[in-house]
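Just so it is clear, none of the values below were taken in a lab; they were calculated from the coordinates. For clarity, every value in this text was computed on a predicted model and none was experimentally measured. In this analysis, Cβ positions are derived from the backbone assuming ideal geometry, glycine residues included, and neighbour counts consider all displayed protein chains.
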Amino acid sequence: MLTTGEKLIDRITFNPLQCGGRPCIRGMRIRVSDILKMLAAGVTEAQIIADFPDLELDDIRASLQFAAQRSEIVRIAA
């Protein structure tokens, strides 16, 4: 769970040498996109945590927050 002063989004990390630089959870090789795909497929948070015991509920929430923030990025068509 979150410690005092920690933000959910701080759980999302980027490393160009890991997973092709894609956003991951706390430096692990678990990509945010994998979490989001599982949720979209109807996999419950409890099932995800059971399959990935190193994950915490706040990691799943951080993935959702990350996706929500990315959806607000305006792209200008060329």
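Observations
- Estimated purely from DSSP H runs of n ≥ 4, each contributing -39500 (n - 2.57), the mean residue ellipticity at 222 nm for the chain is -12000 deg cm²/dmol once divided by its residues.
- Scaled radius of gyration (Cα, divided by 2.2 N^0.38 Å) that the stretch 8-68 gives: 1.01
- Sparse packing (at most 15 other Cβ atoms within 10 Å of the Cβ) combined with a DSSP loop state is found for the following trypsin sites (Lys or Arg not before Pro) in the stretch 26-75: 26, 29, 75.
- In terms of surrounding Cβ atoms within a 10 Å radius of their Cβ, 52, 66, 14 rank from fewest to most as 14, 52, 66.
- Amide H contacts of residue 12 (H built 1.01 Å from N, under 5 Å, at least 5 apart or other chain): 26
- Given +1 at the Cβ of Lys and Arg, -1 at the Cβ of Asp and Glu and no other charges, the dipole of the stretch 1-74 around its Cα centre is 280 debye to the nearest 20.
- At full extension, residue 46 and residue 26 could sit 5.3 nm farther apart than now, given 0.36 nm per residue minus the alpha carbon distance.
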